[in-house]
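Structure record follows, encoded as structure tokens.
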Amino acid sequence: MRNRRQWDALLFPLTHWNWKAALLTAIFRAVACMVALCHATMHAREHFGAVEAAYVLATAGIFSAWQQQALDIKPRRVAWFVVVLAIPLGSLAADSALHLWLDTGNMRSLGVAAVVATVFSAMFHWHALQNGAMRVGADSRSFLHDMRQMPRLAVTFVANPVLFVIASLRPRLTPAEAEDFEAAA
């Protein structure tokens, strides 16, 4: 039984290849690359875009499956680190290495923006996964259902940190102050 679970865990990236994430990642990264490389020659943009599309379509589904699988890691801080930093930055590093090897153009200018966009995107992906969206396998819903959830997820993605900061800035009542407050009410 233990060997079966280990085998299932090892095969998870292939059995749960996340086509939803691969599709959206390819679209958003294509747009981002077109904008970021507007200064480059057409040949450089086409070459970079072809490499990017092939890499993203081949790997984004696997990386996203690993992110979904990492949701089971305890403690939750470690799961967040794996989903938001380790997997996405590892993917970006491999992507960058591939471009440095294949592209003769100066694509290093994408560096900082790519890291920021990758981490921001991974944080949103964590939020979506935590809320049941963008999953594949037994825990998944239809792609259309996931897309219908995106406006709400976008709002809560922005609002949750703001609400957390506001709540943490509120003065905390001691138990005695809380009793006095309740008695006065």
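Since every read-out is calculated from the coordinates, none of them should be taken as a lab result. All figures in this text were calculated on a predicted structure; none of them were measured in a lab. Neighbour counts are summed over all protein chains in view; Cβ atoms, including those assigned to glycine, are modelled from backbone coordinates with ideal geometry.
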Segment ARG76-THR41, length gained on full extension (0.36 nm per residue, minus Cα span): 8.1 nm
Taking LYS74, LYS20 and counting other beta carbon atoms within 10 angstrom, the fewest-first order is LYS74, LYS20
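By counting other Cβ atoms within 10 Å of each Cβ, how are ASP72, ASP95 ranked from fewest to most?
ASP72, ASP95
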Calculated SAXS-style log₁₀ I(q)/I(0) at q = 0.09, 0.11 Å⁻¹ - the chain, Debye, Cα scatterers: -0.44, -0.60
Label VAL155 and VAL116 with points 7 Å out from Cα along Cα→Cβ: what is the distance between them in nm? 2.7
On Cα atoms only, tilt of 111-130 relative to the major axis of the chain in degrees: 50
Dipole of the chain, positive direction: furthest Cα of PHE157, ALA176, ILE27, with charges on the beta-carbon: ILE27
Approximate spin-label separation ARG4-LEU85, in nm, with each point projected 7 Å along Cα-to-Cβ: 3.7
Please report the relative contact order for the range 2-170, taking Cα pairs under 8 Å with a sequence separation of at least 6, and give it as a percent rounded to a whole number. 23
Most to least packed among 4-15, 25-36 [average Cβ atoms within 10 Å]: 25-36, 4-15
Angle check, please: helix 87-102 long axis (alpha carbons) against the longest principal axis of the chain (alpha carbons), in degrees 0 to 90, nearest 10. 20
For every other residue with a beta carbon closer than 14 angstrom to the beta carbon of SER91, add +1 if it is Lys or Arg and -1 if Asp or Glu, then tell me the sum. -1
Packing rank of 148-160, 40-52, where each peptide gets the mean count of other beta carbons within 10 Å, highest leading: 40-52, 148-160
What angle, in degrees between 0 and 90 and rounded to the nearest 10, separates the Cα long axis of helix 175-184 from the longest principal axis of the Cα atoms of the chain? 60
